[in-house]
Amino acid sequence: MARSLIPNTTWSRRLIYELIYLSLGFNRTAVFNVGFAPAQPDIRANPAFADRPNQIQLYAEMFNQLPWEADHWRSSDCLELAAGCGAGLLYLNTRHAPRTSVGVEQSYVAAWRGRRLGVDVRPGDVARLSFADACFDCVFCVDALGYFPVAAALKEAFRVVRPGGYLLLGETFQGPPEEAQAHFRRIGEAAGFDFVHCRDATGGVRRSLLEGSKSSAFVRSLPALLRNSLKETLFLEGSERLRLWQTGAFSSVIMTFTRSSSRR
Ligand SMILES: C[S@@+](CC[C@H](N)C(=O)[O-])C[C@H]1O[C@@H](n2cnc3c(N)ncnc32)[C@H](O)[C@@H]1O
């Protein structure tokens, strides 16, 4: 399951993320997820995404799940849960140009970095969203469900999605894709959503992790106490989590849910 290997207290987790986002070079677009490979040529060619194209590609794969034409995207309001430094929102704005886009992120450093990037990332807790009911057409979350109380966050997501709107989740899971689908489907439905589709993204995510496992320079500059946690969190070489990916124990899925317009 998408579980965290870093200490399980709110403050230690927050501190670790502040350190991560401080450690990633400020001249780089800091995007921090498992990624999906290969990345499309237009993503590789964009200087804003060239550092971490696979991580942006995971967002692209997710947005491709929505049945929206360009016009629909342009009149949509979108929210990202746990938006990190906002690179996913930057891609969304560049590729699909929604009417509005906003992210909520617990890390103050990440939110600040997002604003520096020109996207609207607000410091906050995904389990307590400061938005009105039914004000988004799409809520999405990439590689983050293991880091916060999922039931509370998805209940909030359900509250802020308009009837007929969508929830997209891109997540990893320890177990085969069929179990991942059943697991995340249960979670989404428990929050009130209707399941629409599950895309098995395991092959692309595994390829991305195997390509990216050597990029550990910033981890070595962190205090020894944190280093092991980060090694696992980032699937770096020598980590148990990377070994599990290599042996096929993990899977990755992109789940699409909707908030029904005919019920509730
Ligand atoms: C693996 S990162 C993914 C970030 C981003 N989605 C990306 O792909 O770059 C997980 C993120 O969840 C954020 N996070 C964890 N708990 C949170 C909470 N309760 N509210 C908001 N963000 C949270 C962390 O600060 C971190 O940025």
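The values are calculated or read from the model by the stated rules, or taken from the named source; none is laboratory data. Every value quoted in this text rests on a predicted model; they were computed, and no experiment measured them. Heads up, the Cβs are rebuilt from the backbone with ideal geometry, glycines too, and the neighbour counts pull from every protein chain shown. To get the accessible areas, we keep the full protein, side chains included, count just its heavy atoms, and leave off ligands, DNA and RNA. Shrake-Rupley method; radii C 1.70, N 1.55, O 1.52, S 1.80 Å.
Summarise the long-distance tail of P(r) for the chain by giving the % of C-alpha pairs beyond 36 Å.
Roughly 7 percent, once rounded to a whole number.
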Note: probe point = Cα of THR100 + 7 Å toward Cβ; backbone nitrogen < 19 Å; residues of segment 157-193 passing the test are 157-168
Using 7 Å Cα-to-Cβ label points, what is the HIS197/ARG128 separation (nm, one decimal)? 3.7 nm
Between PRO53, PRO123, PRO67, where does the largest GNM mean-square fluctuation fall for the chain, given springs only between Cα atoms within less than 10 Å? PRO67
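In nm, what is the difference between 0.36 nm times the number of residues separating CYS135 and ARG186 and their Cα-Cα distance?
15.9 nm is the gain from fully extending CYS135 to ARG186.
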Length gained if ALA249 through LEU210 is fully extended, taking 0.36 nm per residue and subtracting the Cα-Cα distance, is 12.6 nm
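Computing the accessible area with a 1.4 Å probe over protein heavy atoms, can you report the carbon and sulfur percentage for the chain?
53 percent
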Starting from segment 40-144, pick out the trypsin sites (Lys or Arg not before Pro) whose DSSP state is loop and whose Cβ has at most 15 other Cβ atoms within 10 Å. ARG99, ARG128
